[in-house]
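Let me begin by presenting the structure, written as structure tokens, before commenting on it.
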Amino acid sequence: MSPHLSIWRWHLTMATSILHRVTGVGLYLGGLIVAAWAVSLASGPEAYAGFKALLGSPLGLLVMLGMTLSAFYHLGNGVRHLVWDLGHGLDVKTATASGITVFAFTIVATAAAWGVAYMVGAL
Amino acid sequence: MSTYRTPLSRARGLGSAKHGVGHWISERVAAVALVPLVLWGAYSVILLAQTDYYGAIHWVAQPLNATLTILLIAVSFMHMVAGLRVVIEDYIHKTLTKAALLMLNVFVGGLAGALAIFSILKVALGGA
């Protein structure tokens, strides 16, 4: 393993950085789930019912929860990266604060999405 | 903003590979487009989860829904393939393994993305 990973004290911006990658790779699976949804819809009522049953199973819902957390994290942190690309917020204090903001956004947005889904009877 | 490029490279407008800036900008354009598309996608997933096959067919048949779904799939898959490419390039250093994984990334992304877009078009155009 590269020495740069073992000689640094762990800090928040390291966690937000690697989480952006982890959630991005995880969302690749999310993209494949979207493709499976489209293909099952084009394949007829039975295939679609099978797809919905799979996503609605306990394991399916767990995967969807992971996808929701990953999507909102990657979205929030992606915007943080775009702001950095414009040259703003790169000092340590601001980067730490924006990282905490992204974590808060992830939790609030995921809770809101699942709360709405539950209230409208989508679960 | 500050710049990291030398005055000469800026004057010539060229990086080492002659097209790095184009890659960088197109990655960011896709990322910006995905902000509204993903929020619309999350809203749509909640809508679709409430309905059955016939509700979903009816939903996809709406021109705006079909168009935004295809855009979401096309831009996400471009973003996914571009992102995973960087991850592979960063962590895999054996030439043959790296080349194979880079190709697999493009093939899986291309196949799944094409299947998804064709499926949406088929349903939207009434062939389902």
*Hey, any hits in the stretch B:109-125 for a residue that's assigned to a helix (DSSP H, G or I), more than 10 Å from every other protein chain (Cβ to nearest Cβ) and surrounded by fewer than 16 Cβ atoms within 10 Å (Cβ to Cβ)?*
yes
_Output for the stretch A:53-70, where each listed residue is over 16 Å from A:ALA117 (Cα atoms) and either exposed (fewer than 14 other Cβ atoms within 10 Å of the Cβ) or at the interface with chain B (Cβ under 8 Å from one of its Cβ atoms) (or both)_ = A:ALA53, A:LEU59
*For B:LEU34, all conditions in the list (1) part of a helix (DSSP H, G or I); (2) within 10 Å of chain A (Cβ to nearest Cβ); (3) farther than 15 Å from A:TYR28 by Cβ hold save one; what is the number of the exception?*
(3)
*Which residue, of A:GLY24, A:GLY50, is within 11 Å of chain B (Cβ to nearest Cβ) and farther than 21 Å from A:TRP84 by Cα?*
A:GLY50
*Report yes if some residue within the stretch B:59-80 is facing another protein chain (nearest Cβ under 8 Å), without any contact (Cβ under 8 Å) to a residue 12 or more places away in the chain and either in a helix (DSSP H, G or I) or surrounded by 13 or more Cβ atoms within 10 Å (Cβ to Cβ) (or both); otherwise report no.*
no
*asked:* Just to be sure I understand the filter: pairs with C-beta atoms under 7 Å, separated by 6 or more residues or on different chains, first member in the stretch B:82-104 and under 21 Å from B:GLY20 (Cα atoms), second member among the aromatic types (Phe, Trp, Tyr). Which pairs pass?
replied: B:LEU84/A:TYR28
*Would it be correct to say that B:TYR53 is at pLDDT 95 or above and either in contact with a Pro (Cβ under 6 Å, 6 or more places away or on another chain) or surrounded by fewer than 16 Cβ atoms within 10 Å (Cβ to Cβ) (or both)?*
yes
*asked:* Kindly evaluate A:SER40 against the criterion of being surrounded by 15 or more Cβ atoms within 10 Å (Cβ to Cβ) and more than 21 Å from the chain's Cα centre (by Cα).
replied: yes
*What are the residue pairs meeting all of these: first residue in the stretch A:96-123, first residue in contact (Cβ under 8 Å) with a residue 40 or more places away in the chain, second residue among the polar types (S, T, N, Q) and part of a helix (DSSP H, G or I), Cβ atoms under 7 Å, and 6 or more apart or on different chains?*
A:THR96/A:THR13; A:GLY99/A:THR13; A:GLY99/A:THR16; A:VAL102/A:THR16; A:VAL102/A:ASN77; A:THR110/A:THR68; A:ALA113/A:THR68; A:TRP114/A:THR68
_Criterion first (more than 7 Å from chain B (Cβ to nearest Cβ), on the phi < 0 side of the Ramachandran plot and without any contact (Cβ under 8 Å) to a residue 60 or more places away in the chain) does A:ALA36 satisfy it?_
yes
*Given the conditions (1) more than 8 Å from chain B (Cβ to nearest Cβ); (2) under 19 Å from the mean Cα position of the chain (by Cα); (3) aliphatic (A, V, I, L, M), which single one is not true for A:ALA95?*
(2)
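The values are calculated or read from the model by the stated rules, or taken from the named source; none is laboratory data. Quick caveat, the model's predicted, so the values are computed rather than measured. Every residue, glycine as well, gets a Cβ built from its backbone with ideal geometry; the counts of neighbours run over all protein chains shown.
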